[in-house]
1. What's the number of the only condition in (1) surrounded by 14 or more Cβ atoms within 10 Å (Cβ to Cβ); (2) modelled with pLDDT of 80 or more; (3) outside any helix (DSSP H, G or I) that C:Leu49 fails to meet?
2. Is there a residue in the stretch D:271-280 that is under 30 Å from B:Val267 (Cα atoms), within 12 Å of chain B (Cβ to nearest Cβ) and either part of a helix (DSSP H, G or I) or at pLDDT below 85 (or both)?
3. Please state which one of A:Met291, A:Met226, A:Met246, A:Met266 is of a type outside the set (Phe, Trp, Tyr) and at the interface with chain B (Cβ under 10 Å from one of its Cβ atoms).
4. Among the listed residues A:Ile195, A:Ile248, identify the single one that is of a type in the set (Val, Ile, Thr), at pLDDT below 90, closer than 29 Å to C:Thr84 by Cβ and part of a helix (DSSP H, G or I).
5. Mind telling me which of the residues C:Ala135, C:Ala103 ends up being within 9 Å of chain A (Cβ to nearest Cβ), surrounded by 15 or more Cβ atoms within 10 Å (Cβ to Cβ) and touching a Gly at 6+ places or on another chain (Cβ under 8 Å)?
6. Is it the case that the stretch A:141-157 has a residue that's part of a helix (DSSP H, G or I) and under 18 Å from A:Lys78 (Cβ atoms)?
7. Any idea which of (1) within 12 Å of chain C (Cβ to nearest Cβ); (2) on the phi > 0 side of the Ramachandran plot is the one A:Arg186 doesn't satisfy?
8. Just to be sure, is D:Asn85 crowded, with 22+ Cβ neighbours inside 10 Å, under 19 Å from A:Thr269 (Cβ atoms) and more than 17 Å from the chain's Cα centre (by Cα)?
Amino acid sequence: MKRRIIKILVVVAILALAAVLVPTISSHYVITVVNGALVFYVGCLGICVMLGYGGMVSFATITFMGLGAYMSANLSLKAGMPFLVCVLGSMIFAGLCALIIGAILLRLSGTFFTFSTVALVLIAHDLFTNLRSLTGGPDGMGGIPPFNIGSFVADTAADNFYFLFVAGLLAALFVHRLKYTNLGRRLAAVRDNEIAAATMGVDVYRTKVVAFIIAGVLSGLSGSLMVHNYHFVGSSSFVFDQSTTMVIMAMLGGVSHPGGVFLGTMIITMLPEWLKPLQEYIRLFYGLGVMLLMVFMPTGLWGLGEQLSARFKERFHLTRKTLIGSDDASSEEMI
Amino acid sequence: MNIGLYLQLLVIGLSMGMIYAILAMGIVLLVRAVGVLNFAQGELFMLGAYVCYALTVQLHMPIYVMLIVALLIFVLFGTLFMFAVYWPLRNSKWPATIIISTLGASVVLKEVVKLIWGSVPVVQPPIIKGVLVLWGNVRIEYQYLFIIGIGSLLITAVFLLFDKLFLGRAMQAAAQDSYAAQLLGIPTIVTTALTYIISASLVGVGGWLVSPLFLVSTSLGSFLLKGFAGMVIGGLGDVKGAVIGSLLVGVIESFATLFTATYKDAVVFSVLIIVLIVRPTGFFGQKISEKV
Amino acid sequence: MEKLLALSKVNKRFGGVVAAKDVDMEVYPGEIHGLIGPNGAGKTTMLNLISGITPVDSGTITFLGRNITKMKAHNRARMGLGRTFQTPRFLDRSDIEENILLANDLNERISFFKSFVSPKSKNFIPHLDELTRVADFSFYLEDDISSLTYGQRKMLEIIRSMITNPKLILVDEPAAGLNNVERDRVMTLLRLAAHERGIGIVLIEHSMDMIMDCCQNITVLNFGEVIACGSPQEVSNNEAVIEAYLGRRKDA
Amino acid sequence: MKRRILSVLVMVIVLVMLLVACGDKKDPVTTEKPDTPSTDSSSGGEVKPSVEPIRVGVVTTLSGSNSGHGEYAKEGAELAKKQINEAGGILGRPLEIIYEDNGETEQSYVNAAVKALSSDDVCAVYSNGYSSQIELVLPQAQKYGIPYIGGNSSHALLEKDYTYYWMLRLSDRYVSPAMVNACVELGMKNPAILHVTDSYGVGMADYVEQAIGEIEGMTVAARIGVGDNEQQFSPYLTQIMNSDADGIIAIQHQDQAALVMMQVDAMAIDLPLMGCSQYASALAIDTAGETANGWYSLADWTVQTNTETGKAFVDAYRAAYNRDPDMQSVTAYDSMYLLKDAIERAGSDDPDAINKVLGETKDLPGAMTTYTFQGDNSLGTTIFLVQTENLQGTLKGLVTR
């Protein structure tokens, strides 16, 4: 137990350090980039649940971000609701839409499901662009109020960062913990073997729909954060290309771990900023990188890290394992 | 009331449907042989258009020479593509990796094309110029008729080769299964490579066909989604289904413009989703049941 | 004794192939019920029909006195219907613990919110340990599932099924691909389940020795039809069974 | 388990590296930083190297599929910089341009714009981004208090209270009636409108429809809005041909404009054709080739411009780059001179001062048009009516707001 506490303390300390350091040492521009990445991080966590935990390739994340974004924009502009209500509203709205859409689309399996989500993204984009009364049409909706709680109103990029940081952290904790719940195990079962899952009492269809809803709620949250961060929402943000980028973000870092997804989001967002001198070639390298990555580390950077650390620990016998089936079973021991 | 209009829309729809069918067949062959959904198929299509542009406009080749050289290049592309994207990942534990890898490949292809030909679209002169004036305002571009003609030829060829001839069916089976390959006496790698080559050549020719209608640009890759739609409506893994589905998509799309321009794509993809809800495996797809 | 499972006039066709024709079968608690027949007789299909992976065309399946013919596979599992497969099916990308925990979930049934806040449950470990010892092998809970040998995985699948405290387990060729020592352990495990825990077992097995050795009752299938049913002695003396196995012509 | 600590550590290290790598610009103490102009080119020769340069940001597309626009913009801005610096700079200080590549996505546009806005000592930013992109950034520009000059023409932006936003071109609202008047002269009574469904296209089509409604006896035969990724216009053209439309008013961006021109030609349509300014752009005409001939359009810019400054610009541009300037070049070029004028009138490069005097701009002759402040943050005053003949826009008239 002691180790566990130390571990938690170290993680908390690192996070606290990040929370304090990022807004103070970095420039406005860097904070803006980080803020943008954090917005997408929350959406990518939905991919983590769907793809990493449940093994379902869905490109619909961006659509639910759009639903959340427009809901939030409408709530704050037309009904004058405060930020927290908007966020809650868009999460619930995106979740409800995910329930209905998921219940329909998840009757399809594998490739059919994946492609139906692509179709969904294309349909939704058309709707976002043309339903002018609800989405502002191609002009989008501007002048959306910044983040606020009570009388505190986020004024600078650094203020936005704190809001996004807290939201991202909460979402990440939720997704991290989700893996170790019975739902997480059911998802893993659905991912690895649907038939075995069913014979272990897992309601495959329901589990998938629940995962889709969770992903939808996270995307809705992400969309809501997006509008309050940029004060503007336009339909050109919710296109298929963006969706593939988000899947690649998640895969790059390691899709089955919130930390990996974070890495991926940060790298993909920052890489183009970082490699400005290579402008012409950035996207080429990015594509090549993705292909190489899939060959050499399909579990992403995080997976690679875990493999390395596992090897390291095996080398130095640091692993604690529970032996089953011998005389001193069920006792924790060092090997 | 307006037969001329409907006729024109039908011709346009059918010829677009032919293009989608060519794309869809390319994907179906790969799905059947290696079970992979290739998201870079649209970029191979675009590459076909660029290669033909380079050969005809930049190198001034006559059409027959151009076609032969282009086919050789497509063979090369198909092989390269297989070894770069599919082969290293064929035994991957994570099924999503191949999909993501094809997404990566599509980015790479787009960027390579931009580096070579620049990001400004280029123009491929029409293969057959002119319009056929039937009466009054009813006019049909020869290029559309040409596409329908060549498209039907290609479709028939693929259909005969892969669905009717034993060799083609055996080849597909062998690509899936090394045991079958042993029986056939051809290594899996050869049959897989052949499938990729045929698939790449098909879409390459497709790219050549559309390039005079549209600008030769990286956005040609977006035709893939309609090809996908046609294939999924028809039923995954069925050549006949893919062709019928794609023609349907082309015609629906063309006639949808009578009612709406803004929601045209939404109409096509809504039809797709409705078809899938009614028949979760498409019109011609069999239920692929897992051996328990 | 109360019937555990009863099949009555169960039919199933795949296209033109008859996989089950008017099948009747009964299984009692604590009984090991053998299901045998030549290759392609429809044995595995029968298990799929019982466990709900494939729906039946007609007929009724009764389990614990309830008609489960229309029930989904996962609901049957929750009622206490366990299943193992010819090739073991595990969560390939998870460690052993996750796999066992999944079984434990089926047994404990705590709500999502409770599982969200509570730390990992470990109370299945003594049970697991006991069963593993009966099967006489050992492993580390945190290891990858792929670190187990094929035989160990087959045994672990039965153990996993037993952890869920089922009323009936459908066991599909547990000894296929196993050596003699491992085969004996599987038998011990199955006997423990049936005789000490009172679990009903439907056993498909090619090894006749094993079937004759441990089954109380045997149902023989051929082309989806029950051609004989009864104790090992009755079945082994049955004309039709001998004919089916040896492939004698009707007129010979 | 140490495993997680280790991975968190690795993550933090990677992130710190990333942050450091792209966060090099921030340096709150900005006064000293000599910056030798000799490094950027020989052009700054006449300006004393010790003088602090005046920094202007340019946000444009330098990579991705629209990098053609960015190339033109960059060439235009560079030409202006060279000329200004050779003539002694602004207030005796050299002009320095900081380019930011806005990439392909909305998010990367915001990042680039914020990077430009937050660069040291930037006194104004010019961008030729789309209206939706610019709108994403205007709240930021407002926050920074830095003038943001847009090369777009969507009127919707003027209706919102962005006091730091300046529109170079004549807005769509004023272009549209002129366009309709020109259509009337071409003999259209019942034109069809074919427009792109983005902010620009929809807004412009609305104004065109409104203007048509105000002309007696004129009606809209059909209004067809097409997505910005559409490549197949034949079904729409077929429908227009089969309706009783007597002309086509087309509003598209460059690539689509070229496609429309090609497909109109392929169908041998012989109606009078009127396009938006993009139909006269060099990119569209280069791509469409012969098929562009015959199209009328209301262009913010034509190389046949009849103003002194315009002609001088075309000559200088041709000499420098050996090709004709595009509208993207001229807006970027003019924005530099507009800023030069404003800075000289303000007497400093203080952004607020510049913003204030930009609102007092009057009769400043630019290469594209004459700039005069008219009350709604738009500065352009004229637009050309041109017809494409022999791959060249031939000047047919000048419309003044």
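1. (3)
2. No, because not a single residue in the stretch D:271-280 is under 30 Å from B:Val267 (Cα atoms), within 12 Å of chain B (Cβ to nearest Cβ) and either part of a helix (DSSP H, G or I) or at pLDDT below 85 (or both).
3. Details: A:Met226 fails: at the interface with chain B (Cβ under 10 Å from one of its Cβ atoms); A:Met246 fails: at the interface with chain B (Cβ under 10 Å from one of its Cβ atoms); A:Met266 fails: at the interface with chain B (Cβ under 10 Å from one of its Cβ atoms).
Exactly one of A:Met291, A:Met226, A:Met246, A:Met266 is of a type outside the set (Phe, Trp, Tyr) and at the interface with chain B (Cβ under 10 Å from one of its Cβ atoms), namely A:Met291.
4. Values: A:Ile248 fails: closer than 29 Å to C:Thr84 by Cβ.
Answer to the selection: A:Ile195.
5. Working: C:Ala103 fails: touching a Gly at 6+ places or on another chain (Cβ under 8 Å).
The match here is C:Ala135.
6. Here is the first cut: in the stretch A:141-157, the residues part of a helix (DSSP H, G or I) are A:157.
Filter again for under 18 Å from A:Lys78 (Cβ atoms), leaving none.
No, the stretch A:141-157 has no match at all.
7. With respect to (1) within 12 Å of chain C (Cβ to nearest Cβ); (2) on the phi > 0 side of the Ramachandran plot, A:Arg186 is out only on (2).
8. Values: crowded, with 22+ Cβ neighbours inside 10 Å: yes; under 19 Å from A:Thr269 (Cβ atoms): no; more than 17 Å from the chain's Cα centre (by Cα): yes.
Taking the combined requirement at face value, the residue does not satisfy it.
The values are calculated or read from the model by the stated rules, or taken from the named source; none is laboratory data. If you're wondering where the values come from, they're calculated on a predicted model, not measured in any experiment. Cβ sites come from the backbone with ideal geometry, for glycine too, and all protein chains shown count toward neighbours.
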